[in-house]
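Inspection log for the structure reproduced underneath, given as structure tokens.
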Amino acid sequence: MSHRIRCVLTLGVLLSITFAAGLRAADLPYLVGTAKVEITPDYPVMLSGYASRGLKEVSETIQPLYARAVSIGDKEESPMVLMMVNNCGVSAETSDRVAQQLRAKYQLPRARLAICSTHTHYAPMLSGVLPNLASQSIPHQRQQAIDRDTGELVSALVKAASQAIDDRLPARLEFAIREVGFAANRRAGGGPSDHQLPLLTVCDADDKVRSAIVGYACHCTTIGTTPAFIGDWAGYGAQYLEREYPGAVALVIIGCGGDQNPQPRGNSNSHSNTVRRSGTRSSA
């Protein structure tokens with residue numbers, strides 16, 4: 001990026017901050033709410049992500065797993081709810097169950113709900129999501145734990161979305177595009193990668209950050225087949241952004257990262273800190 005373009009972008013952000021500081025809450029164009037609900041099971045369950053794990057159940061938690069939600073709208077129409085969930089995938093059936101409950105409670109149209117999995121390979125296997133990874137028939141007792149966790153996830157997603165809708169306050173939005181470089185094409189050495197990191201920041205009437213939403217196209221497979229609950233770089237990235245902005249809820253969306261692996265592998269902290277640095281307003 002040229003020096004001139006960088007100066008223009010920086011000036012634009014500074015002007016938007018200055019302008020917002022003089023706004024009353026009633027003048028802010030959006031209503032935004034946030035929520036975060038822990039979804040880490042407290043009982044043994046099989047992990048999704050790697051077939052080599054077989055039928056092994058795990059119960060160790062290295063990092064808690066969460067469902068995060070941001071509700072964005074205005075006074076004229078139904079809000080849009082965007083959710084980030086620390087697991088390997090969300091089935092259409094699970095999404096539909098959540099959508100049905102939110103429609104009954106808030107008349108929320110199905111098209112206004114998006115549930116985005118971080119595709120971490122260190123979260124529970126869910127009913128109807130990649131059952132072939134077990135490579136053999138799943139015993140009844142283990143399937144019961146999977147079904148139990150899936151039902152609890154539905155309840156947690158509904159809870160997080162509901163809290164975000166009920167939490168809506170006047171806000172404004174800032175948008176920027178950053179660039180980070182830890183994704184590498186896993187299909188072809190030197191193959192294409194998308195290193196752009198879009199950032200949407202939600203600020204209240206006092207210019208306090210209520211949410212940071214970032215996206216980056218990369219697998220959550222940093223630490224091999226470690227048998228424990230972990231959010232990987234996306235989970236830690238959200239955690240570090242929330243530490244940067246106390247009281248905020250951060251969402252990290254992985255985008256089209258199926259053919260991208262994090263490099264180097266082995267430790268997710270460096271990648272997560274890269275996301276944190278790129279996801280803060282001061283890095284503009």
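We did not get these values from a lab; they are worked out from the coordinates using the rules stated. This structure is a prediction, so every number in the text was calculated from the model and none was measured. Here Cβ is always computed from backbone atoms with ideal geometry, including for glycine, and neighbour counts include all displayed protein chains.
For Leu47, the residues 5 or more places off, or on other chains, whose built amide H falls under 5 Å of its own are Val58, Met125.
Net length available on complete extension from Ala92 to Ile177 is 27.6 nm, with 0.36 nm assigned per residue and the Cα-Cα distance removed.
How do the peptides 36-42, 55-61 rank, highest first, by the average count of neighbouring beta carbon atoms within 10 Å per residue?
Values: 36-42: 16.6, 55-61: 13.7.
The densest-packed peptide leads the list: 36-42, 55-61.
With a Förster radius of 35 Å applied to the beta-carbon distance between Asn185 and Ile62, the computed FRET efficiency rounds to 0.80.
In the range 69-218, what % of DSSP beta bridges are antiparallel (nearest 5)? Antiparallel bridges: around 75 percent, rounded to the nearest 5. Please give the contour-minus-distance gain from Gln263 to Ala114: 0.36 nm per residue of separation, less the Cα-Cα distance, rounded to one decimal in nm. Stretched fully, the Gln263-Ala114 segment lengthens by 50.8 nm.
What order, most packed first, do the peptides 193-206, 212-225, 134-147 have when packing is the mean number of other Cβ atoms within 10 Å of each residue?
With the highest mean Cβ count within 10 Å placed first, the list reads 212-225, 193-206, 134-147.
Near Asn185: Cβ cut-off under 11 Å, other residues only, Lys/Arg at +1 and Asp/Glu at -1. The net charge is 0. Remark: the Glu38-Glu76 segment gains 10.5 nm on full extension, using 0.36 nm per residue and subtracting the alpha carbon distance.
Karplus-based coupling profile of the range 48-60, in residue order and whole Hz: 9, x, 10, 5, 5, 6, x, 9, 5, 9, 10, 9, 6, with θ = phi - 60° in 6.51 cos²θ - 1.76 cosθ + 1.60 and x standing for Gly or Pro. Specify whether the C-alpha gyration tensor of the range 25-283 places it in the rounded, prolate or oblate class, a ≥ b ≥ c being the square roots of the eigenvalues: rounded for a/c under 1.5, otherwise prolate if a/b is larger than b/c and oblate if not. Verdict is oblate for the range 25-283.
When both the range 167-221 and the range 93-131 are represented by their alpha-carbon centers, they are found 21 Å apart.
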